[in-house]
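Down below is the structure, laid out as structure tokens.
The values are calculated or read from the model by the stated rules, or taken from the named source; none is laboratory data. Everything numeric here is computed off the predicted structure, so don't read it as measured data. No Cβ is skipped: glycine too gets one built from the backbone with ideal geometry, and neighbour counts run over all protein chains shown. To get the accessible areas, we keep the full protein, side chains included, count just its heavy atoms, and leave off ligands, DNA and RNA. Shrake-Rupley method; radii C 1.70, N 1.55, O 1.52, S 1.80 Å.
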Amino acid sequence: MLFHLIFIIALSFSPKPEYKANKAIVIVVDGPRYSETWGEPSKKHIPYMANELAKEGTVCTKFYNNGVTFTVPGHTAITTGNYQKISNIGFQLPKLPSFLQYYEKEKGQKAALVCSKGKLGVLGNCKEKSFKNKFLPVSNCGTNEEGRGYRNDSITFIRIIETLSEEKYPVLMINFKEPDVSGHANNWDGYLKGIQKTDEYIKKIKDFIDTNAYYKETTALFITNDHGRHLDGHKDGFRSHGDNCDGCKHIFLYAYGPDFKQNFISETPREQLDISATLAHLLGFSMPTSNGKVMRELFIEN
Ligand SMILES: [Zn+2]
Ligand SMILES: [Zn+2]
């Protein structure tokens, strides 16, 4: 009993890490295989990330979707920290709250959700009773007011810059629909161009963060994917995705921010769930329903 008490007292006095970041942006590039991003030897499809961003942050080379490798399930794993079977056409809400809702509840500030794919509007809400229809982020997804349909990434990019320019959303979740859409169209050149184009949007977003007084030096940036695509020679190859092949599961994570290591390659195996746990740890709010683990290897002090 006495030891127990001493332990509790010692815990309450242990110093809480002080982080510089108090904002976080998660960018999901929809559906590239690792073999065309960081796994491509010359990294020629992601020149900005490979040549510039790599020096400023950490690249996780063993990052995985270990759940269902479709779009809504992949994004749900990232936002809630749980793998679950969920409709991929946007007809179901996630079971558990996302980091967007937990952040709003605990910190009392608004989060934002900006997605090319309208069906991803479901990420803003959940079925869990104490969160359902509460702590909802500002949502701007898809083509119309109901948030259905897909819109061009160029429109989403404009919406992202508009949202950031308001300087009142410390937490943002973003989806670019390419290269996934060109992949499904069996358009190899379009698929590669989609990867390159999102690399350009990422540069512009990063430049905005670094020069905006509200975001600069206080923002963590996570860039990742919802899923990859089938390996060549497996089923219909790069055209589709959705199973457990390594092409579908192996994705990337890049992390940048004032508390993260620079010019660092991490080979620690990690998965989508760990983004929510790391983001909540960094920003200092609790996310008890996330099954993720804090990726301590990203941090300068760990
Ligand atoms: Zn997808
Ligand atoms: Zn596959």
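When DSSP beta bridges are restricted to pairs lying wholly in the chain, around 30% turn out antiparallel. Stokes-Einstein, applied to the Kirkwood radius of the chain over Cα pairs at a viscosity of 0.692 mPa s and 37 °C, places its translational diffusion at 170 µm² s⁻¹. Spatial offset of segment 73-135 relative to segment 232-265 amounts to 22 Å, using the alpha carbon center of each. Above 23 Å, the calculated P(r) of segment 35-132 contains 42 percent of its Cα-Cα pairs.
For the chain, with all protein chains in place and a probe radius of 1.4 Å, 54% of the accessible heavy-atom surface sits on carbon or sulfur. Between helix 188-211 and the chain, what is the angle of the helix's C-alpha long axis to the longest principal axis, kept within 0 to 90° and rounded to the nearest 10? Orientation of helix 188-211: about 40 degrees from the principal axis. Please report the relative contact order for segment 180-273, taking Cα pairs under 8 Å with a sequence separation of at least 6, and give it as a percent rounded to a whole number. Averaging sequence separation for qualifying contacts and normalising by length gives 24 percent for segment 180-273. Summing Lys and Arg as +1 and Asp and Glu as -1 over all other residues whose Cβ lies under 11 Å from the Cβ of Gly228 gives a net charge of -3. As a ratio to 2.2 N^0.38 Å, the alpha-carbon radius of gyration for segment 105-150 is 1.19. For segment 166-180, the residues whose backbone nitrogen is under 16 Å from a point 7 Å from the Cα of Glu106, taken along Cα to Cβ, are 170-172. Compared with the dominant Cα axis of the chain, that is its longest principal axis, helix 153-165 is turned about 30°. Take every Cα pair under 8 Å whose residues are at least 6 apart in sequence, average their separation, divide by the length of the chain, and the relative contact order is 31 percent. Dimensions of segment 223-302 from C-alpha coordinates, computed as largest minus smallest value along each principal axis and given longest first, are 43, 32, 17 Å. Helix 2-13 and the longest principal axis of the Cα set of the chain meet at an angle near 60°. Sorting the segments 49-61, 106-118 by their residues' average number of neighbouring beta-carbon atoms within 10 angstrom, most packed first, yields 106-118, 49-61. Summing Cβ point charges (Lys, Arg +1; Asp, Glu -1) relative to the Cα centre of the chain gives a dipole of roughly 680 debye.
Of the chymotrypsin sites (Phe, Trp or Tyr not before Pro) found in segment 199-302, those in coil by DSSP whose Cβ has at most 15 other Cβ atoms within 10 Å are Tyr214. For segment 116-200, the relative contact order works out to 25 percent when only alpha carbon pairs closer than 8 Å and six or more residues apart are counted. Computed over every Cα-Cα pair of segment 108-234 and binned at 10 Å starting from 0, the pair-distance distribution P(r) comes out as 12, 39, 33, 14, 2 percent. Three semi-axes describe the equivalent ellipsoid of segment 169-212; taken as square roots of 5 times the Cα gyration tensor eigenvalues and ordered largest first, they are 26, 12, 4 Å. Which chymotrypsin sites (Phe, Trp or Tyr not before Pro) in segment 37-93 pass both tests, a DSSP loop state and at most 15 other beta-carbon atoms within 10 Å? Loop-located and lightly packed - Phe91.
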